[in-house]
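Read-outs: derived from the displayed coordinates by stated rules, not from any lab. A quick note: this is a predicted structure, and the numbers were derived from the prediction, not measured. Don't worry about glycine lacking a Cβ; one is built from the backbone with ideal geometry, like all the others, and counts go over all protein chains shown.
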Amino acid sequence: MKKSTWIAGLLLLAMLVAPQLLKNYGIYLLTYWLIFIIATMGLNLTVGYAGQKSLGHAAFFGIGAYTVAILTKAGISFWLGLPAAAAICFVVGVILGFPALRVQTIYLAFATLGFNTAIWLVMRNEEWLTGGTFGINNIARPSLAGISLNGNLAYYYFTLAVALAMAALLWGLLRSPWGKAFTALRDNPIRAESLGVDIRSYTLLSFAIGAAYAGIAGGLFASLVQFIEPGPFAVGASIMMYLMVVVGGPGYFFGPVLGAAVGVLLPEWLRFAQAWYLFVFGIAVVLLMIWLPDGLLSIPDRVRARRQSRQASAARAQAALAATRSAGAGT
Amino acid sequence: MTDFLQLFFSGLATGAIYALAALGFTLLWQASGTINFAQGEFVMLPSFIMIAFVSAGLPLLAAFLAACLVAMFLLGWVFKRGVVDPLFKYGMMPIVVATIGLSIAMRNGIRAGYSAEAHPFPALFPYELYKIAGVTVTLSDIGTLALALVLVLSTQAFLARTVTGRAMQAVAQNTESASVLGINVPRMIFYTFAINAVLAVSAALLVAPTYLAKFDMGESLGTKAFFAAIIGGFNNSRGALLGGLIVGVSENLAAAYISPSYKDAVALVIFMVVILFKPQGLLGRKEERKV
């Protein structure tokens, strides 16, 4: 078996066992982490695999959260609310994808950032729908086949199951021809187009699928925290999610797991030093870009590349030595 | 009508401040391909430096000049050597991410190391009102607008008229031919960073008296400057002035006539319209896609 499979297996085992050893708040935090893994998995598809620049992911996260909150408040089941959140985000994601067809890189980053601001303003100002700055409270947690997911532990395992399902889905997607088309779009859009990849649809899809992931994560978030207000869905959160993907390693399947840990678990854990933590985090991002622009998960690849080049040069040196020896023996 | 003119005029003053930040932003982009996401924090930090100098007993003007020197070193030289130069070879996005990291670090460094409160900033202009043809304007608005215009126009004159300025433009247009022609490219790029730092300190001097100095003041200012730069035309320094004024004025008018709570969306709407129909900006040149 490959080493990465082992690590993934161990990680899964740890995730299954860890909550048994933790207190309520620890379980809550782990659930929080899982939710951000789901959200950043989607962003990783948009940014890491398809190469689009999106600084508006928190808007989808928020749309998902408000969809579930508003629907459950209206008495509609969470089990309808969650798919609805994904569907709405998918549609809005397609719409947001349209600017991406016209403009690239930094223009796109600002367009998505602006979109996030607009959605945030709607959340803050349209009190009839979202409760404005007062938010929506007492969002009920669902129950599944008669089992209440009210307890933190039950909700954790439910979130873990959703996260695993979403990860499996993404894994399958990336292994399919679609996944290849996404990476082709990232690596060289013009070449991809000339090879017959419909870059128009794939650009839109990469946004839409990424957005749907954020929608599901948002829905889970609403019923985890049971109180939502516009704060967590502002531009800063989008930037943080983007950094999570970049820190973990864009285009690495497990990048979001690591990135979300750095972006969510660590700051919660180091809460007493919050501003200083963010100061150090900011500096660390700068240093990471300088030394490891492909993210933390590029370390093994880099070590391997270095070892290979060392081996290759050793082999070359040996071959050269052998050649001079045989030449010497000839004379 | 007088209301409209009044709003229009105070919008111009705000817009002129946006233009200062936006101009530095486009200069950096032209000279070195750097998108500086920390541009707002580049205005925030000097406000605190000036507060520190003023509370150490310096008069405001001397504090401004001293802050310019500190900023040229920190936000010019250190920023270029420490962040931009090592990342230049990787292309645009790593610099964007690094400057995002830098903005987080600067904002929270001030918050944790100095203060999370809003700090009053000494006013540059005394509070005086004038009535011109029925329109009431404050001296501070007139002064802000005039000073910002002088700065923007003299930066442009410097770029267009002086040998150094033209060499800087040559570097911005084509780095390789510029270095073949014997222009010291790294030095010209450093000058750009230094000018950006001075423009940022000036923006701080003008914006902080009204909006107070606070660790997160850069967030909205930076975003407005980006939008202004792109609306006007990213690769044209006159565009920054036009974009800044458009954003400032339309924001002010929209807050009064449409809805104050959606004021922050105005820049965004104009920006969206501009990038959808004229992605190179109102005054910008088109850039072609490359394989």
Filter result (of a type outside the set (Gly, Ala, Ser), within 27 Å of B:Met168 (Cβ to Cβ) and within 14 Å of chain A (Cβ to nearest Cβ)) within the range B:234-269: B:Phe234, B:Asn235, B:Val247
Count of the range A:268-324 residues which are more than 14 Å from chain B (Cβ to nearest Cβ), acidic (Asp, Glu) and touching a residue at least 40 places away in the same chain (Cβ under 8 Å): 1
Identity of the residue in the range B:216-233, within 24 Å of B:Gln169 (Cβ to Cβ) and of a type in the set (Gly, Ala, Ser), that ends up nearest to the other protein chains (Cβ to nearest Cβ): B:Ala229
Residue match in the range A:65-76 (condition: of a type in the set (Lys, Arg) and without any contact (Cβ under 8 Å) to a residue 40 or more places away in the chain): no
Odd one out for B:Arg285, checked against (1) assigned to a helix (DSSP H, G or I); (2) away from every other protein chain (no Cβ under 12 Å): (1)
Flag for A:Ala109 being out of contact with any helix residue (DSSP H, G or I) (no Cβ under 6 Å at 6 or more places or on another chain), at negative phi, more than 14 Å from chain B (Cβ to nearest Cβ) and assigned to a helix (DSSP H, G or I): no
Spans of helices (runs of 4 or more DSSP H) in the range B:72-189 with at least 2 residues buried (at least 21 other Cβ atoms within 10 Å of the Cβ) and facing chain A (nearest Cβ under 10 Å): B:92-113
Counted residues, the range A:123-136 - those being more than 9 Å from every other protein chain (Cβ to nearest Cβ) and closer than 17 Å to B:Tyr262 by Cβ: 8
